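Engineer: Structure in structure tokens, see below.
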Amino acid sequence: QVQLVESGGGLVQAGGSLRLSCAASGIIVSINAMRWYRQAPGKQRELVAAITSGRSTNYADPVKGRFTISRDNAKNTVYLQMNSLKPEDTAVYYCNVPGPNYNAWGQGTQVTVSS
């Protein structure tokens, strides 16, 4: 059974930083594409960042240059480093792994950026 557990969210002032973690079990993150999504109140869930098994990364335009996705194979964990946070980054952030016979999501972690 695939399980993803996010942590690291919280309240931060604009311009601050947070690092989100996504601890995985039931899969090996190094051989899977891993993604971070976010959903703000009243808005659709949107893809924020992704990392492939080959460590290629891509980012949504609003976060390019500010967010960095990475993984620690030894800890089987994926991270999202978020710098220069803005109030519009406020959302629930979700970790996702799309697989051949699964599409697993974490429970989400709240990020609130105050102005």
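The values are calculated or read from the model by the stated rules, or taken from the named source; none is laboratory data. In this text, all values refer to a predicted model and were calculated from it rather than measured experimentally. So basically every Cβ, Gly included, is an ideal-geometry build from the backbone, and we count neighbours across all protein chains shown. Each accessible area value is taken on the protein alone, full model and side chains, heavy atoms only, with ligands, DNA and RNA left out. Shrake-Rupley method; radii C 1.70, N 1.55, O 1.52, S 1.80 Å.
Engineer: Which net charge results when you count Lys and Arg as +1 and Asp and Glu as -1 among the other residues whose beta-carbon is under 15 Å from that of Asn103? Show your work: numbers first, answer last.
Structural biologist: Details: positive: Arg35, Arg45; negative: none.
After counting each charged neighbour, the total is +2.
Engineer: If you stretched the chain out fully between Thr112 and Ser84, how much longer would it get, using 0.36 nm times the residue separation minus the C-alpha to C-alpha distance?
Structural biologist: Details: separation 28, 0.36 × 28 = 10.08 nm, distance 1.30 nm.
Contour length minus Cα-Cα distance gives 8.8 nm.
Engineer: Ignoring ligands, DNA and RNA, what accessible area per residue does region 59-101 give at 1.4 Å, in Å²? Please report the intermediate quantities before stating the final value.
Structural biologist: Details: 1960 Å² over 43 residues.
Result: 46 Å² of accessible area for each residue.
Engineer: Sticking with this one: Just want to confirm a number: the relative contact order over the chain, from Cα pairs under 8 angstrom separated by 6+ residues, in percent. All intermediate terms of the calculation are to be shown ahead of the outcome.
Structural biologist: On the way: 285 pairs, mean separation 41.8, N = 115.
Averaging sequence separation for qualifying contacts and normalising by length gives 36 percent for the chain.
Engineer: Next question, about the same structure. Write down the accessible area per residue of region 1-41 in Å², having rolled a 1.4 Å probe over the full set of protein chains. Write down the numbers at each step before the final one.
Structural biologist: Details: 2060 Å² over 41 residues.
About 50 Å² of surface per residue is accessible.
Engineer: Also, I was wondering about something else. What Kirkwood Rh does the chain have if only Cα atoms enter the pairwise 1/r average? Answer in Å.
Structural biologist: Numbers: mean 1/r = 0.0714 Å⁻¹.
In the chain this quantity evaluates to 14.0 Å.
Engineer: Residue by residue, what Karplus-based ³J(HN,Hα) values in Hz, rounded to whole numbers, does region 17-33 have, using 6.51, -1.76 and 1.60 with θ = phi - 60° and x for Gly and Pro?
Structural biologist: Calculated HN-Hα couplings, in order: 9, 9, 10, 8, 10, 9, 8, 10, 9, x, 9, 10, 5, 5, 10, 10, 6 Hz.
Engineer: Separate question: Check Arg71: other-chain or 5+ apart residues with amide H under 5 Å from its amide H, H built from backbone geometry?
Structural biologist: Tyr79
Engineer: Share of region 37-115's accessible area from carbon and sulfur, percent, 1.4 Å?
Structural biologist: On the way: 1920 of 4110 Å².
That share works out to 47 percent.
Engineer: Report, ordered by chain and residue number, the lysines lying within cross-link reach of Lys43, taken as a straight Cα distance under 21 Å and ignoring same-chain residues fewer than 8 apart.
Structural biologist: Partners within reach: Lys64, Lys86.
Engineer: Can you give me the solvent accessible area of Glu6 with a 1.4 Å probe, rounded to the nearest 10 Å²?
Structural biologist: Result for Glu6: roughly 10 Å² accessible.
Engineer: Out of the DSSP beta bridges found with both residues in the chain, what percent are antiparallel (nearest 5)?
Structural biologist: Working: 36 of 40 bridges.
Expressed as a percentage, antiparallel bridges in the chain total about 90.
Engineer: Also, quick follow-up: What ³J(HN,Hα) values, in whole Hz, does the Karplus curve 6.51 cos²θ - 1.76 cosθ + 1.60 give for region 89-106 when θ = phi - 60°, with x put for Gly and Pro?
Structural biologist: 7, 4, 4, 8, 9, 10, 9, 9, 10, x, x, x, 9, 7, 8, 8, 10, x
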